[in-house]
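Here the structure is laid out as structure tokens; the discussion comes afterwards.
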Amino acid sequence: MINVYDNFFSEEIREEIWNLLIRPKWTPLGGGNSINSTWHMNGLEKESYFNDYLYKMICDKLERKYQVKRIYANGQTAGQSGNPHYDDGDFTFLYYPNPKWEINWNGHLIFSEDGEEFTRIIEYKPNRAILFPAKMLHYADAPHSYFNGFRVSLAYKFMVIGSYVHLKKAPENID
């Protein structure tokens with residue numbers, strides 16, 4: 001189950017997140033693998049803004065409390081494609097803080113719901129959040145070669161608290 005939430009935060013919160021994530025804390029080519037690396041910002045779970053303030057807002061909006069395993073950000077410039085992979089934890093929450101994005105810049109999130117073929121594309125869109133099972137094969141497509149900015153995604157790796165798994169179904173307003 002892939003849940004997509006548009007306009008997840010207020011514009012003021014989206015801008016705060018963006019400003020915190022464009023600071024010079026990025027590790028060049030720290031994400032992905034040696035064949036296809038991306039930019040990475042680790043350790044955001046140690047920062048109160050991400051681990052307390054945003055975490056509470058996310059859980060409130062999803063109507064579910066999770067245990068945070070990790071919080072980090074990925075960054076991609078033109079031509080930097082992610083690699084198909086599975087995540088750690090039970091669920092991944094991705095958030096897109098870029099202030100502007102055009103569909104022809106690519107950089108979309110691609111899923112394989114059956115682990116065999118890529119079956120779903122979620123467009124990269126500012127202020128969009130996506131919640132999906134961590135064991136679903138996925139990757140972030142590269143921004144197009146004429147995109148001269150930085151594609152950022154904020155990732156929360158969640159563990160389910162207790163044995164009951166509940167996902168608030170998001171309105172599917174992207175198809």
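Mind listing just one residue for me: the one in region 106-119 that is out of contact with any Ser or Thr (no Cβ under 8 Å at 6 or more places or on another chain) and either open to solvent by 40 Å² or more (accessible area, probe 1.4 Å) or acidic (Asp, Glu) (or both) and, of those, modelled with the highest pLDDT? Filtering first and then ranking leaves ASN106. Of the residues PRO24, PRO28, the single one that is loosely packed, with under 15 Cβ neighbours inside 10 Å and assigned to a strand (DSSP E or B) is PRO28.
For region 139-175, residues that are open to solvent by less than 10 Å² (accessible area, probe 1.4 Å) and at pLDDT 95 or above total 9. Can you work out which of the residues in region 58-93 that are polar (S, T, N, Q) and in contact (Cβ under 8 Å) with a residue 60 or more places away in the chain is surrounded by the most Cβ atoms within 10 Å (Cβ to Cβ)? If we take residues in region 58-93 being polar (S, T, N, Q) and in contact (Cβ under 8 Å) with a residue 60 or more places away in the chain, then GLN76 is surrounded by the most Cβ atoms within 10 Å (Cβ to Cβ).
Among the criteria (1) in contact with a His (Cβ under 9 Å, 6 or more places away or on another chain); (2) more than 25 Å from PRO133 (Cβ to Cβ), the one ASN74 does not fulfil is (2).
If the condition is being open to solvent by less than 30 Å² (accessible area, probe 1.4 Å) and outside any strand (DSSP E or B), then region 123-132 contributes TYR124, ASN127.
The values are calculated or read from the model by the stated rules, or taken from the named source; none is laboratory data. Model, not experiment: these values are computed from the prediction. Every residue, glycine as well, gets a Cβ built from its backbone with ideal geometry; the counts of neighbours run over all protein chains shown. Ligands, DNA and RNA are stripped out before the accessible areas are found, and what is left, the full protein with its side chains, is counted by its heavy atoms. Shrake-Rupley method; radii C 1.70, N 1.55, O 1.52, S 1.80 Å.
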